[in-house]
Amino acid sequence: MEQDIIIFDFDNTIINSVGLWRKAINYDVFKYYGAKSTAHFRNNHGAKSNLEMAEFFLDTTKINATPAEVVRVWYDFMFVYYTKKAKLINGVVDYIKSLKQQGKKLVLASATGDALLYPVLRELKLDSLFDTIVTENEIGYSKRDPMFFAKLLKRLDATPEDVFMFEDSYYSIFSAASVRIQSCAVLGKFNKKHKDRLKEISLLVIKDYTDPKLKLL
C-alpha cells in the first residue's frame, strides 16, 4: 500500500453494529419511553443525524423530552451493545497492527457521536491503535458530504494521494471519491444491496480483514 495515511470508519468497518443501532433506535428507545415503534419512523430516519432522528422520534411519539435527552438514552443502550454484544470484524485488529508496524499513520473517522465513541474505544481498548480520531461532530460535516473529507485532509495536512480509506458506506465512499480519496469497501449484510455500486467506486471490496484480496493493495 503506497499511501502513508490510512483512514478507518468504525461501524461495520471495525465492529459489526448496524443491527444493534437499529434495535436501539427503532425499538429500545420506544420501549424506554413507554411508546410503540412505528413503521413510519423505522422507514424514514435513515439519512438523519442523531439529533434529527431524536427530533423525529419526539414528533412521532409526542413525548415530553429534549432531543439531547433522547440521544443520551440511545447512547446508553449502544454503549452496552458495543461493549457486551457487538463483535469486531474478523481480522481487523491484527490488520491495523500490521499497518502500524509498517509505519502508517492510522486515522479513525466516524459518524458516531463523540460522547459515545470515545468511551467505547477506551472500553474496548481500541483507542491506542489510532494516531488520530475524528468524528462528524468535530469536523462539522456528515461523511456523506465531500466537505467532511476536504476538511479532514486539511486537518491531516495531506493530499488525496497520501490517503487510503476503509469504509462500509456507499455514500461515504462516494463522497471520499469526489475528492480523489481511494477506498476499500467492507461488505456486510447491511450493505450487500450496494455491492455492485461499491465495486464501481472502490479500489477493492472485501468481506473482512482475512480476505486474500487485501494482498492486492
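Just so you know, all these numbers are worked out from the coordinates, no wet-lab data involved. All figures in this text were calculated on a predicted structure; none of them were measured in a lab. Here the Cβ is made from the backbone with ideal geometry for all residues, glycine too, and neighbour counts use every protein chain on show.
All but one of (1) touching a Phe, Trp or Tyr at 6+ places or on another chain (Cβ under 7 Å); (2) without any contact (Cβ under 8 Å) to a residue 24 or more places away in the chain hold for C184, so report the exception by its number.
(2)
Step by step: first the residues of the range 90-143, then only those that are polar (S, T, N, Q) and in contact with a strand residue (DSSP E or B) (Cβ under 8 Å, 6 or more places away or on another chain), then the one that is surrounded by the fewest Cβ atoms within 10 Å (Cβ to Cβ). Which residue is that?
Top of the filtered list is T132.
In a loop (DSSP other than H, G, I, E, B) and aromatic (F, W, Y) - does that describe any residue in the range 14-36?
yes
For the range 40-96, which positions are of a type in the set (S, T, Y) and closer than 21 Å to T13 by Cα?
S49, Y75, Y81, Y82, T83, Y95
I need the full set of residues from the range 1-14 which are aliphatic (A, V, I, L, M) and surrounded by fewer than 21 Cβ atoms within 10 Å (Cβ to Cβ), in order please.
The answer is M1, and nothing else.
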